[in-house]
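Working notes, beginning with the structure itself.
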Amino acid sequence: MSSELVERHGARNYHPLPVVIERGQGAWVWDGDGRRYLDMLSSYSALNQGHLHPRIVRALQDQLERVSLTSRAFHNDQLGPFLQRLSQVSGFERALPMNSGAEAVETGLKAVRKWGWKVKGVPDGRQRVIVAANNFHGRTITIVSYSTEPQYREGFGPLTPGFDVVPFGDAAAAEAAITPDTVAIHVEPIQGEAGVVVPPAGYLRALRQICDRHGVLLFLDEIQTGLGRTGKMWAFEHEGIRPDCITVGKALGGGLYPVSAFCADSRVMDVFSPGDHGSTFGGNPLAAAVARAALDVLVDEELPARAAELGGYLMGRLEELRSPHVQEVRGAGLLIGVEIRASSGPARPMCLELMERGVLCKDTHGQVIRFAPPLVIDRAAIDWALDQVAEVLR
């Protein structure tokens, strides 16, 4: 069995639910016995467009018949149109394509540090970035260096210096941490891995004003919250602000191919010169074709608006359950966390019971069940899932 082979030959760095998925379509997946499950996780928001969206699959297939990889040593005919489309959707002048979300974050960190040295005049080696407690931006050495989760850090030292941690949602603490060497404030609009933690209203707007006052860049991680997940194309739009730069990934690949990017205007992006940064696979023609189709699907099918409508419905119905096990329901759009009371035990057994009922979701930070279905889900599927959730939570 596949799961047994994974246990025998793979690293033990994941603890998945005991289901083996063989097929997927839209918001649904099937195991080897033909049993159907509703995907309420979307591969951590990488499947906003659903499993095997035909338009994105067609773009992948068409490009596979032409050319898949050129490296950035040469131009390819797909990269330019993709960058143009991403700039249109993001609102930023330029984008630097990479592969994984963590690579995009590393790219952004290099950009803001070099901006601090080259533009702001901070001596090289003294650039500092303010980050939020309980953040999750990836798992590279540098990124875990500013995590506050002990397991992400232990045994991986020496860690990368240059980060100042403040409480998430506390704009005043962020401002108090600014020094002449500060080059950026780097946060998630909503902390997904921390348990779908939503900051107080006005938090991002306050950070924008603080950055403007002190000549600091506002660097937002939209890898999980972007591309329609929270009910708008970008989570920062909820507060009517514009950051200086963002990272984007996950759903940028439409669930078919790893694609990520760092997006910024020229005043930030132009700190890079040839040879400063790069990736063999970043911006390859296959990735570019897939990502452009993925963006087109989000826009043409108005998936952010769909997430706003169905997310409001799902959250309202979850709140109406009034379960004795539920401490809080929180989120935005179709990114929702249900916090289970400590007295009711951890959330994982509930996720296992939901799996047995045909609903796939995953616990995070022990006590939170995260619901983040593909944005193509319909109300009938949500109602069916709610019936299963109600039985488990009662």
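Only the coordinates and a few stated rules stand behind these numbers; no lab work does. The model shown is predicted, which means the values in this text are computed figures rather than measured ones. Every residue, glycine as well, gets a Cβ built from its backbone with ideal geometry; the counts of neighbours run over all protein chains shown.
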Self-check item: Extension gain, Asp270 back to Glu65 (0.36 nm per residue minus Cα-Cα distance, nm)
Solution: 70.3 nm
Quiz item: Which ³J(HN,Hα) values, rounded to whole Hz and listed in residue order, are derived for the stretch 370-378 from phi using the Karplus coefficients 6.51, -1.76 and 1.60 in 6.51 cos²θ - 1.76 cosθ + 1.60 with θ = phi - 60°, glycine and proline given as x?
Solution: 9, 10, 8, x, x, 6, 8, 4, 10
Quiz item: If you stretched the chain out fully between Asp300 and Ile141, how much longer would it get, using 0.36 nm times the residue separation minus the C-alpha to C-alpha distance?
Solution: 53.4 nm
Quiz item: Given just the C-alpha atoms of the stretch 112-215, how large is their convex hull per residue in cubic angstrom?
Solution: 92
Quiz prompt | Those residues of the stretch 18-45 whose amide nitrogen sits under 17 Å from the label point placed on Asp378, 7 Å along Cα→Cβ | solution = 25-29, 37-39
Quiz prompt | Size of the stretch 167-268 as Cα extents on the principal axes (Å, biggest first) | solution = 43, 31, 22
Quiz prompt | Amide proton proximity set for Ala133, modelled H, under 5 Å, gap of 5+ | solution = Val166, Phe168
Quiz prompt | Sequence-distant residues sharing a close amide H with Ser260 (under 5 Å, placed H) | solution = Met98, Asn99
Self-check item: Rule-of-thumb Rg ratio for the stretch 196-247 [Cα; 2.2 N^0.38 Å; N residues]
Solution: 1.10
Quiz item: Under a 5 Å amide H to amide H cut-off, with H placed in plane at 1.01 Å, what residues pair with Ala27 once short-range neighbours are removed?
Solution: His51
Quiz item: Taking N as the number of residues in the stretch 302-394, what is its alpha-carbon radius of gyration divided by 2.2 N^0.38 Å?
Solution: 1.00
Quiz item: Equivalent-ellipsoid semi-axes (√(5λ), Cα gyration tensor) for the stretch 161-216, whole Å, largest first?
Solution: 20, 14, 9
Quiz item: Based on the mean of other beta carbon atoms within 10 Å per residue, what is the order of 332-340, 315-323, 195-203, most packed first?
Solution: 332-340, 195-203, 315-323
Quiz item: What list do you get for Arg205, Arg229 if you sort them by fewest beta carbons within 10 Å?
Solution: Arg205, Arg229
Quiz item: Using the Cα atoms as the points, what is the convex hull volume per residue of the chain in Å³?
Solution: 148
Practice problem: For Ala73, put the label point 7 Å out on the Cα→Cβ axis and report which residues of the stretch 285-310 keep their amide N under 17 Å from it. | Solution: 285
Quiz item: At 222 nm, what helix-only mean residue ellipticity would the chain give, in deg cm²/dmol to the nearest 500, using -39500 (n - 2.57) for each DSSP H run of four or more?
Solution: -10500 deg cm²/dmol
Quiz prompt | Calculated FRET efficiency for the pair Glu319/Thr148, C-beta based, R₀ 30 Å, to 0.05 | solution = 0.55
Quiz prompt | Computed over the stretch 304-380: relative contact order in percent, which uses C-alpha pairs under 8 Å that are six or more apart | solution = 29
Quiz item: Restricting attention to the alpha-carbon atoms of the stretch 52-199, what are Rg (one decimal) and Dmax (integer), both in Å?
Solution: 18.6, 55
Practice problem: Could you work out how far the C-alpha centroid of the stretch 373-394 sits from that of the stretch 81-113, in angstrom? | Solution: 34
Quiz item: Once the Cα atoms of the stretch 63-103 are picked out, what are the Rg and Dmax in Å?
Solution: 11.7, 32
Quiz item: Which ³J(HN,Hα) values, rounded to whole Hz and listed in residue order, are derived for the stretch 48-54 from phi using the Karplus coefficients 6.51, -1.76 and 1.60 in 6.51 cos²θ - 1.76 cosθ + 1.60 with θ = phi - 60°, glycine and proline given as x?
Solution: 4, 7, x, 6, 6, 4, x
Practice problem: Take the alpha-carbon centre of the stretch 139-203, take the same for the stretch 9-72, and report the distance between them in whole Å. | Solution: 30
Practice problem: Give, as ranges by residue number, the residues of the stretch 174-215 whose backbone N falls under 15 Å from the point 7 Å along Cα→Cβ of Asp124. | Solution: none
Quiz item: In nm, to one decimal, how far is the Leu159 label point from the Ser3 one, both placed 7 Å along Cα→Cβ?
Solution: 3.4
